[in-house]
1. Pop out the ³J(HN,Hα) list for the stretch B:127-142 in order, Karplus 6.51 cos²θ - 1.76 cosθ + 1.60 with θ = phi - 60°, rounded to Hz; leave Gly and Pro as x.
2. Select from the stretch B:54-115 those GluC sites (Glu not before Pro) which occupy a DSSP coil region and have at most 13 other Cβ atoms within 10 Å, ordered by residue number.
3. Please list, or write none, the aspartates and glutamates whose alpha carbon is within less than 15 Å of the alpha carbon of A:Lys327, excluding same-chain residues fewer than 8 places away.
4. Check which residues have an amide H placed less than 5 Å from B:Lys159's amide H, if you skip close sequence neighbours.
5. If each residue of separation counts as 0.36 nm, what is the full-extension length gain between A:Leu74 and A:Glu7 once their alpha-carbon separation is subtracted?
6. Which part of the stretch B:30-68 falls in the paramagnetic zone of B:Phe173, meaning amide N under 13 Å from the point 7 Å along Cα-to-beta-carbon?
7. Return the long-range amide H neighbours of A:Gly151 (sequence gap of 5 or more, or a different chain), with a cut-off of under 5 Å between placed amide H atoms.
8. Which order do peptides A:46-56, A:276-286 fall in by mean Cβ count within 10 Å, highest first?
Amino acid sequence: MGSGHREPFENPVVEWIDSRMPIFTLLNKEYGVFPVPRNFNYFWNFGAIAGFMLVVMIATGLFLAMHYTADTDLAFDSVERIMRDVNGGWLIRYIHMNGASFFFIAVYIHIFRGMYYGSYKKPRELLWILGSLIFLLMMATAFLGYVLPWGQMSLWGATVITGFFTAIPFVGEDLQTLLLGGFAVDNPTLTRFFALHFLLPFVIFAVVFLHVWALHVSGSNNPLGIEPKGPQDTLPFHPYYTMKDSFGLLVFIIIYCVFIFFMPDALGHPDNYIKADPLVTPAHIVPEWYFLPFYAILRAITFNMNLYFLAGFAILAVLLVEFVWRKKPVYIPSASAGIALLAVGGLLALIGFTGDSCARIDAAWLEANAGFKGLCGALQGLPFMSAETAPVSAKLGGVLAMFGSVALLFVLPWLDTHPVRSARYRPLYRVCFLLLVVIFLILGYVGSQPADAAIAGIPLILVGLAGTGYYYAYFLLILPLLGRFEKAKPLPESIHEAVLGKQIKAETKI
Amino acid sequence: MSAHTQSDHDKDGETRRDFMALVAGAFGAVGAAIAAWPLINSLNPAKDTLALATIEVELSEIPVGTAKTVMWRGKPVFIRHRTPEQIEAARSVATQSLIDKEADEQRVKKPEWLVTVGVCTHLGCVPAGQKESDNHGDFGGWFCPCHGSHYDTSGRIRKGPAPKNLAVPPYEFLSDTKIKIG
Ligand code: HEM
Ligand code: FES
């Protein structure tokens, strides 16, 4: 930093500082003349918008913290006091509360943008991983923050989420006690959650710094997914993108303000205006909207994974690695051996799944369907079929599926092996990806409904399971397959040719 | 790095310096872990949290067929004064057919008194069923609204995602009408 060549500034104060610590040179280099592809669309606004939201959250959070009391007897009332008595307290709280939602809106669009245009591919893998880490930290921060107002959803949301930890074999219960500081979500939990909720945004800030650093080394991707080849493909960041970012930010802020001023509680849950009561569980616990798709994945696993299921699953996983991830199988000699293994693995998984499901089928229904009754009787007679001997209980399975779905984001750069970045030139990838987005939204809907809900006779749990299946198949099966077999459309020569193509041709005619 | 004399090297070309660096690094790592331990341990339940770990409950105030909820270690404990029909319902099912195989006799000290921790063994909600007007589920005991677990009149899981029966806390009868939990 700063040992290189430096252009003097005209303003003497700026020059005095810059000659001692070249911070203005640095800012100018990174945010002034910094070359950026000339063909950004509005999807490229959301990084700047997310950064803005982080600053808003830290600013409003700081002032909320000055009026907030982290104590189970006082927390709820202190938030009500912020709403009624503190000057403009309602505004600060509504900015913070809806800010969390709008921060997530911006970040979700930002992530899906990156996936559509292949921004995670070489050389931007580390940039992508840092981004995924920010997403994970944001989820933790928002979860901790939601506990602070100490309403019914705060308490019971925290109870259910920390209940996940008890699914971990052997150490789960102790881990949960360590996390809570007691045997239930209570005062020790609230005070530590407040401390962590205060800290984590600053950790996020630090990771954002690294994220932007990595971005400024590799440079931005763009809607065409091809690298800029020279100055004719780029524009200086200022004033071109400072303007475009400001415009997009203003539109975003207007929508954000509509929520703050006209429908501040639309995205929240009314039960959180009831003070937390450890003796009464609300009839229907739902997390904040931004967690719903992951909550649906958590609840989609309602079956125990017994030894049959896991054995079949392991065989299928080996086949996936051998025939899909590798160009040539290493351990499996021939295609026919592969097909035989596929049949065995599939059958084992099916036997395990059906046998376990039999334990939960309605007894009256079984009586009426003699064929199934016989099958279930036979399957349940097998050794190691019962729920107690299943190494992965339904609860643990759900937790693994949920954390796994976030973990997949981190390794995405190595799952999508196709050399072409932008979905514009990958027709198959484009369809599969857009389907993923639709399914993600459907999962969100499933997560918002009670566990036993159904639509047109189809239990939503099954919809959730199918959606979870596609989510995993997209990352582990579809992407590697497309990487090997999808033929991309021809890429343009360069950015400026693609952008100005028609104009160049028109001009050469004259 | 500085040059080493011949005697610094053993036959594999490793130096005593490499060894010293390893030892120093290992001591540093162990030291950091030991320093972190008090911080992590401070998160465990404090003495006052643990001190609330026993309570006494007067049973004569609970008429037959009703239940009382008390707090123990920050968790609700269900105390139910069971009717003969409820006891009969709990004892007439075959233990082998249950999800978590426990006989009613193993779960109570006196048949008419059922004492359980009122926390669903799935993800920790408080099941409904303490009040007469509550939903008691398909088996006449408790129903957890969170993800639909049904418990019977012995607090045993009969249907739904919960893996285990409602836990029985450690308790003893101090007299015929008084118990100590914890
Ligand atoms: C990554 C940035 C942040 C996110 C996503 C976030 C999220 C949240 C959420 C969802 C709530 C619950 C709002 C409600 O329902 O009332 C909340 C409350 C709170 N947050 Fe944050 N927060 C962030 C940053 C901060 C910072 C930096 C501070 C302190 C310096 C802070 C202090 C508070 C306080 C005191 C409350 C409780 C008052 C209330 O409920 O309105 N937050 N936060
Ligand atoms: S917590 Fe009771 S069913 Fe999930």
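Computed from the coordinates by the stated procedures, all read-outs in this text should not be read as laboratory data. In this text, all values refer to a predicted model and were calculated from it rather than measured experimentally. No Cβ is skipped: glycine too gets one built from the backbone with ideal geometry, and neighbour counts run over all protein chains shown.
1. Listing the rounded values in order: x, 7, x, 6, 8, 4, 7, 5, 6, 9, x, 6, 10, x, x, 10 Hz.
2. Working: sites: B:Glu56, B:Glu58, B:Glu61, B:Glu85, B:Glu88, B:Glu102, B:Glu105, B:Glu112; in loops: B:Glu61, B:Glu102, B:Glu112.
In loop regions of the stretch B:54-115 (DSSP not H, G, I, E or B), the sparsely surrounded GluC sites (Glu not before Pro) are B:Glu61.
3. Straight-line reach from A:Lys327, under 15 Å: A:Asp416, A:Glu486.
4. The answer is B:His150.
5. Roughly 18.4 nm would be gained on extension.
6. B:59-60
7. Under 5 Å from the amide H of A:Gly151: A:Ala276.
8. Peptide ranking by packing, descending: A:46-56, A:276-286.
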